[in-house]
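Data first, discussion second: the structure below is written as C-alpha cells.
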Amino acid sequence: MRNELWRQPLEELAPAIRDGKISPVALTEACLARIEQVDGKLDSFIHVSRNALDAARHAEREVKAGTWRGPLHGIPVGVKDNYLTQDMPTTAGSDAPGLSFALRDSVAVSRLRAAGAVLIGKTRTHEFAWGNVTPPVCNPWDLSRVPSGSSGGSGAAVAAGLCVAALGSDTGGSIRMPAAACGTVGLKATFGRVSRDGIVPHSWSLDHAGPLTRTVADSALMMQVLAGYDAADPACQAQPVPDYRQALDRSVKGMTIGVCRNHFFDNLQEDVGEAVEKAIADLAGVGARIVDLNIPLLEYGLGAIFAIELSSSTAYHDASLRAGRVPHFQPDVRTLVEMGRLVTGPDYLKAEQYRTALMQAYRKVFESVDVIIGPTTPITAWKRGEWTVQVGGQPESVLAASWRFTYPYNLTGLPAISVPCGFDRDGLPIGVQIAGRPFDEGGVLRVAHAYERDHDWKERWPDI
Amino acid sequence: MKNPDPWNDILDLGLPPERLADVLAAYRDILVEIGKLRMLDLTDVHPAIVFEPTAPYRNKP
C-alpha cells in the first residue's frame with residue numbers, strides 16, 4: 001500500500017502522532033518520497049534537509065517516551081529560503097556572487113524546532129522576496145503557470161503535499177498571493193505578531209511572517225507556535241496570544257462582515273468576482289450580517305507602497321549596489337533595486353503619512369464591522385513568461401494586478417488570510433481574503449473556518 | 001565647483017546612459033502613482049514611523 005500520509009492535514013495528523021497511531025518517521029518518509037516523486041516538475045524546494053529523518057526519529061522517540069511537545073511535534077514543515085536556518089543554507093533566492101547569510105536559526109524557525117517540527121527543507125522564494133513569479137517554481141494545478149510569489153515555493157509545496165505546512169513572508173501579499181494561486185490557506189499575521197528576526201529583510205516596515213497550510217485549522221495551529229513577543233524584532237509587540245483553536249469553534253452568527261466595494265472589486269476576472277460574491281452570500285447564509293462600505297483613500301495606496309518598498313529595499317541593498325553585486329541580480333529585481341534611488345525623501349515620508357491616514361480610515365470602519373472580506377487577487381495563476389493579463393477586458397501588467405488587493409494590509413499591518421473559495425473555468429484556484437482588527441488573528445481565522453467547513457475545496461488535490 | 005548632475009551625482013548609481021534610461025522608463029508608471037500621492041494634503045498627519053529612543057534598551061536575548 002502506498003504511503004499517502006502526506007494527504008492528511010495537520011489537524012488530523014497531530015492527535016494521531018500524539019496517540020502513537022501515526023509515526024513521524026513514516027510521515028516524513030511520505031513527504032520526502034512525494035518530493036522525490038513530483039518536485040522534479042514543481043521545483044518548489046531549493047534544498048531538502050539531510051537531517052529531516054533524524055529529526056523525525058528524534059520526535060518519534062520523544063512521543064513514545066511520553067513527551068509530546070504539541071501539535072507540530074513530528075510534522076514536516078517547509079521553510080521559505082529567506083528564513084535563516086542553522087542546518088540548511090539560505091540564499092534568499094539569489095545566486096549573486098559575494099552574498100552569504102548566517103547559519104543560524106531565525107526566531108520563527110527556532111520556535112518551530114522547539115515545538116518539535118521536522119524542518120524538511122527550504123522552499124524557493126522570488127529573489128529577495130521581491131517578485132510575484134518565483135522562478136523556476138511551477139503551479140501544481142497547471143505546470144505552465146506560475147505559483148505567484150514571493151512565497152511561491154511554499155505555496156506549491158503545500159498544495160502538492162510535499163510538506164504539511166510551510167513558512168512564508170509577506171511584504172505586499174507574498175503569503176496570500178501564492179496561497180490564492182495554489183489553492184492553500186495563507187495567513188499574514190498582524191505586523192508585530194510574529195518575529196521577523198532572522199528573515200532576510202525586504203522592506204522593514206512592510207515585512208510580515210506567517211504560515212501557508214492546507215486548512216484554516218492548520219493555520220491556527222501554526223500561528224499558535226509562531227506568535228509571541230521577541231525583543232530582537234524591533235516591531236514585535238508584547239500582546240497576549242489567545243488560543244486560536246477556540247476561535248474556530250465559534251460560528252459567525254451575529255458577526256458583521258464588511259465588503260469594501262471600492263478598490264477591492266475593481267477590474268476582476270469574472271470567475272473570481274462570482275466565486276467571491278458566492279462566498280459572501282454563503283457567510284450571510286450562516287448568520288453573518290453583510291455591510292457594504294467604501295474606503296476612498298485606497299485610491300492612493302499604490303504610490304505609497306511603491307515609495308516605501310522601493311526605498312527600503314534599495315537601502316537594504318546599498319552595500320550590494322556599491323560592491324557591484326546588483327547587476328548580478330535577476331533582471332526584474334535589479335531594476336527595482338536600482339530604481340529605489342529615484343524615490344525622494346519627501347515621497348517616502350508622504351507615504352508614511354498616508355499610512356497613518358489609511359490606518360485611521362480602517363479603524364473607523366472597524367468600529368462597525370468585525371472583519372472585511374474580498375478577493376485575494378483579481379486574477380488566477382497566469383502563464384509563465386506572461387507579463388500582461390486581460391482583467392475586466394483591459395490589459396494590465398501582472399505586477400500591478402497581482403497585489404492590488406493584498407498590499408493595503410501591508411500598509412496598515414492588519415491581519416489577513418487567504419482561503420480557497422473555488423476554481424475558475426480553467427480549473428485554477430481562487431482565494432477569498434478576510435482581514436481583521438490589529439492582533440485579531442482569531443477573528444479572521446473564525447470567519448475563514450466558518451466558510452471552509454461548509455465547502456469541500458480543501459478535499460481537492462492537483463493532479464500531479 | 002560645478003553643480004551636481006542629478007542622475008550621476010545625486011542617484012550615484014554609476015549606470016551607463018542606456019541602463020539609466022531603462023531604469024527611468026521603468027519608473028515612469030510608478031511615478032504616476034507617487035504623483036497621485038503627492039496631491040494629498042496630509043499636513044496635519046504624523047508619519048506612521050515613530051522615533052522610539054528607548055528601543056536600544058529593550059531586552060534582547
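Using 0.36 nm times the number of residues separating A:Val291 and A:Asp243, minus their current alpha carbon distance, what extension gain do you get? Show your work: numbers first, answer last.
Details: separation 48, 0.36 × 48 = 17.28 nm, distance 2.81 nm.
This chain segment gains 14.5 nm when fully extended.
Answer rounded, prolate or oblate for the range A:292-336, using the Cα gyration tensor with square roots of eigenvalues a ≥ b ≥ c: rounded when a/c is under 1.5, else prolate when a/b is larger than b/c, else oblate.
In terms of gyration-tensor shape, prolate.
Would you mind getting me the FRET efficiency between A:Lys364 and A:Asp282? Use the beta-carbon distance for r and R0 = 25 Å, nearest 0.05.
Working from the Cβ atoms, E equals 0.35.
Rounded to the nearest 0.05, what FRET efficiency do A:Glu270 and B:Val50 have when you use their Cβ-Cβ distance and R0 = 45 Å?
Efficiency, from the Cβ-Cβ distance: 0.55.
Could you pull out which residues in the range A:115-130 have an amide N less than 12 Å from a spot 7 Å beyond the Cα of A:Ala16, following the Cα-Cβ vector?
none
What is the extension gain from A:Asp318 to A:Glu299, computed as 0.36 nm multiplied by their sequence separation minus the C-alpha to C-alpha distance, in nm to one decimal?
Once the chain is fully extended between A:Asp318 and A:Glu299, it gains 3.8 nm.
Tabulate in residue order the Karplus-calculated ³J(HN,Hα) for the range A:284-299, using 6.51 cos²θ - 1.76 cosθ + 1.60 with θ = phi - 60°, rounded to whole Hz; enter x for Gly and Pro.
Using θ = phi - 60°, the values come out as 4, x, 9, x, 7, 8, 9, 10, 7, 8, 9, 10, x, 4, 4, 4 Hz.
Could you give the size of the charge dipole of chain A about its Cα centre, using +1 on the Cβ of each K and R and -1 on the Cβ of each D and E, expressed in debye and rounded to the nearest 20?
Magnitude of the dipole: close to 700 debye.
So what's the net charge close to A:Gly121: Lys and Arg +1, Asp and Glu -1, counting the other residues with Cβ under 13 Å from its Cβ?
Net local charge, A:Gly121 excluded: 0.
Provide A:Ile290, B:Ile34 ordered by accessible surface of protein heavy atoms (probe 1.4 Å), highest first.
My answer, sorted largest first, is A:Ile290, B:Ile34.
Calculate one ³J(HN,Hα) per residue across the range A:203-210 by plugging θ = phi - 60° into the Karplus curve 6.51 cos²θ - 1.76 cosθ + 1.60, and present them in order as whole Hz with x for glycine and proline.
Values, residue by residue: 8, 3, 8, 10, 5, 10, 10, x Hz.
Angle between the Cα long axis of helix B:17-38 and the longest principal axis of chain B, 0 to 90 degrees, nearest 10?
That works out to roughly 50 degrees.
Any idea how far apart A:Ala65 and A:Ser144 come out in nm if each label point goes 7 Å out from Cα toward Cβ?
The answer from the label model is 5.4 nm.
Near the amide H of A:Leu293, under 5 Å away, which other amide H atoms are found, from residues 5 or more places off or on another chain, if H is placed in the peptide plane?
A:Val259, A:Cys260, A:Arg261
Just for chain A, what percent of DSSP beta bridges are antiparallel, to the closest 5?
Expressed as a percentage, antiparallel bridges in chain A total about 70.
The values are calculated or read from the model by the stated rules, or taken from the named source; none is laboratory data. Small disclaimer: the values here were computed from a predicted structure and weren't measured. Counting neighbours? That spans all protein chains shown, and the Cβs are built from the backbone with ideal geometry, glycine included. Side chains included, ligands, DNA and RNA excluded: accessible areas come from the protein's heavy atoms. Shrake-Rupley method; radii C 1.70, N 1.55, O 1.52, S 1.80 Å.
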